[in-house]
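The values are calculated or read from the model by the stated rules, or taken from the named source; none is laboratory data. Predicted model, so just to flag it, every value in this text is computed and none were measured. Quick reminder, even Gly has a Cβ in these numbers, built from the backbone with ideal geometry, and neighbours come from all protein chains shown. Just the protein is used for accessible areas: all its heavy atoms, side chains included, with ligands, DNA and RNA removed. Shrake-Rupley method; radii C 1.70, N 1.55, O 1.52, S 1.80 Å.
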Amino acid sequence: MGAERRHLIQGAAPCPGPREQDRPGGCCGSLTNYLTSAKFLLYVGHFLSTWGDRMWHFAVSVFLVELYGNSLLLTAVYGLVVAGSVLVLGAIIGDWVDKNARLKVAQTSLVIQNVSVILCGIILMMVFLHKDELLTMYHGWVLTSCYILIITIANIANLASTATAITIQRDWIVVVAGEDRSRLADMNATVRRIDQLTNILAPMAVGQIMTFGSAVIGCGFISGWNLVSMCVEYFLLWKVYQKTPALAVKATLKVEEAELKQLNLHKETEPKPLESTHLMGDKDPAVRALEPEPEPSCGEQLAEPFRTFRDGWVSYYHQPVFLAGLGLAFLYMTVLGFDCITTGYAYTQGLSGSVLSLLMGASAVTGIGGTVAFTWLRRRCGLVRTGLISGCAQLSCLVLCVVSVFMPGSPLDLSVSPFQDIRSRFIQAEPLPAMPTGAPGPLFSTGGPAANGSVTTLAAPEWELGLSPESVLSVSLLFAGVIAARIGLWSFDLTVTQLLQENVIESERGIINGVQNSMNYLLDLLHFIMVILAPNPEAFGLLVLISVSFVAMGHIMYFRFAQKTLGNKLFACGPVEKDVASEDQASTSAV
């Protein structure tokens, strides 16, 4: 005993027993707690969902091109339908998210999305296997009906995916993070990193399957993946819901219950006329409370979606973060992203598929760097100032793109009419030339500003061109600017996302974010129309200048929002804690 006491007095710690090694505070216990936490389960579910989305978005455009004889017509129609549907129905989808229980919304949208993709994959398999027979039936109308059915079901899947993104990324994450703004910022950044990784890896995976297998095998693989993923995601959503009791309480439902109670209380305390009391007798309050409300007329039911659409846009306009959200939407009006437009232009300048794949990988790395920069800047400068710094960084990098337009080797030629090629390309609907070996196939891209899910067309590239020495400098500056700008782009995107999460009240999160999606698609639709009107490589430099102008306008709107929010303290320097606190106070007063 004396030796043991001296051992303790000298400060030497006794050897830990087996119980101390296995206690929850140990390393193994901490890892287990993290792997079973609601936050990690949410990440896993988002990874599975995003991986399936990226595979489908990549494959469906390739399938449509193959089905229609190497023409972009079906792909362009699909892009217009998707963008138009979200533009019109975004507010209605968000309102449905607000008015229903969280678990019901998440599981319903998950099932509709995955079942639609599975059904669409099966139909595509049947069309690929029996295309010749379908072409001869009823003068080809059966095959045309299949095209319409495929685009319709794929559009339903995209609308359900929009509902899933709103409820998980704009609502569930906020509730799981609780009142901790730093934790919310870290979760948003992690979700965006998952988006960046899956945006590169998922198309590569399904592309290999389609290359070494066939389109039919690709359809079957995607359908099978969505079936298994749907079951796993359904279970993960239920586990997250069980581990986060706050998800069971929704502000919209609480408000409706309070209004009903107040209405019943008002009816009970309302004085009754003497004549009606003598004639009708006193009615039991409980019976009066159960009296059904008059059902809305048929006209009112038909007008309800239009009222929801109007109310959603009006409410969005009156939000304190309206200018910040509008600034983010303006970033979608750009050709400076790794979608089919920039890819097609790169081919006309002689870049090979292998070089483009390396550039896309570099853009993913810088995008992840933007999420890291966001978390670092937010801790030191505050959320609002992070958006300002990110915007300045993005614009500074895009200066390289502007310079590339005027460098030797740039195909910019304003003497060539941008409209002269429209008739031959779109009215005659000439099929595309065969793509060279190693050329990437995505004609459809998703994932955020400058890569946001629209399908656009460009003049068919001349594959035989090689990279001339004169165009090396111009193309290098263009892609250097695009890749470097993604650091500021994704940091700014995360800033506006968290501003919407923090400043929009819980009962309106769905409808406001639905309108935000509609705004994004509206500007993306304008960018789609802009490329259709000027599809020639000679006009691409003009599109670059217009794109940079819209990005600059978006950041000017955000600067105005930051000026209103922070006032004289916009450029104030000082201790981090005081700066963040003053920002919180200013944000609260603005709300």
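How large is Rg/Rh for the range 121-170, to two decimals, with Cα atoms and a Kirkwood Rh?
1.22
Residue by residue through the range 480-489, which ³J(HN,Hα) values in whole Hz follow from phi under the Karplus form 6.51 cos²θ - 1.76 cosθ + 1.60 (θ = phi - 60°), with glycine and proline marked x?
5, x, 4, 5, 5, 5, 6, 5, x, 4
Separation of the range 189-209 and the range 82-134 by C-alpha centroid, Å?
The range 189-209 and the range 82-134 have Cα centres separated by 21 Å.
Can you tally the net charge around Asp311? Count Lys and Arg as +1, Asp and Glu as -1, for every other residue whose Cβ sits under 11 Å from the Cβ of Asp311.
Net charge around Asp311: -1.
Which value, in debye to the nearest 20, gives the size of the charge dipole of the range 32-169 about its Cα centre, when Lys and Arg are +1 and Asp and Glu are -1 at the Cβ?
For the range 32-169, the charge dipole is close to 440 debye.
Give, in nm to one decimal, the length gained when the segment between Leu201 and Val77 is fully stretched (0.36 nm per residue of separation minus the Cα-Cα distance).
Net length gain for the segment: 42.0 nm.
Please work out how much accessible surface Arg181 shows to a 1.4 Å probe, ignoring ligands, DNA and RNA, in Å² rounded to 10.
In the full protein context, Arg181 sits at about 60 Å².
If packing is taken as the average number of other Cβ atoms within 10 Å across a peptide's residues, how do 110-119, 201-210 rank, most packed first?
Final packing ranking: 110-119, 201-210.
Sort Phe40, Phe492 from largest to smallest accessible area, using a 1.4 Å probe on the heavy atoms of the protein chains.
Correct descending sequence by accessible area is Phe40, Phe492.
Say R0 is 41 Å: what FRET efficiency, to the nearest 0.05, do Ser214 and Val372 get from their beta-carbon distance?
E between Ser214 and Val372, to the nearest 0.05, is 0.55.
Sort 549-556, 401-408, 141-148 for me by packing, meaning the mean count of neighbouring Cβ atoms within 10 Å per residue, highest on top.
Ranked by mean Cβ neighbours within 10 Å, highest first: 549-556, 401-408, 141-148.
Within 11 Å, Cβ to Cβ, of Asn114, how many net charges do the neighbouring residues add up to if Lys/Arg are +1 and Asp/Glu are -1?
-2
Compute the signed sum of charges (Lys and Arg +1, Asp and Glu -1) over the other residues within less than 10 Å, Cβ to Cβ, of Gly387.
Combined, the nearby Lys, Arg, Asp and Glu give +1.
Taking only protein heavy atoms and a 1.4 Å probe, what accessible area per residue, in Å², does the range 87-139 have with all protein chains in place?
Spelled out: the 1.4 Å probe surface of the range 87-139, per residue, equals 48 Å².
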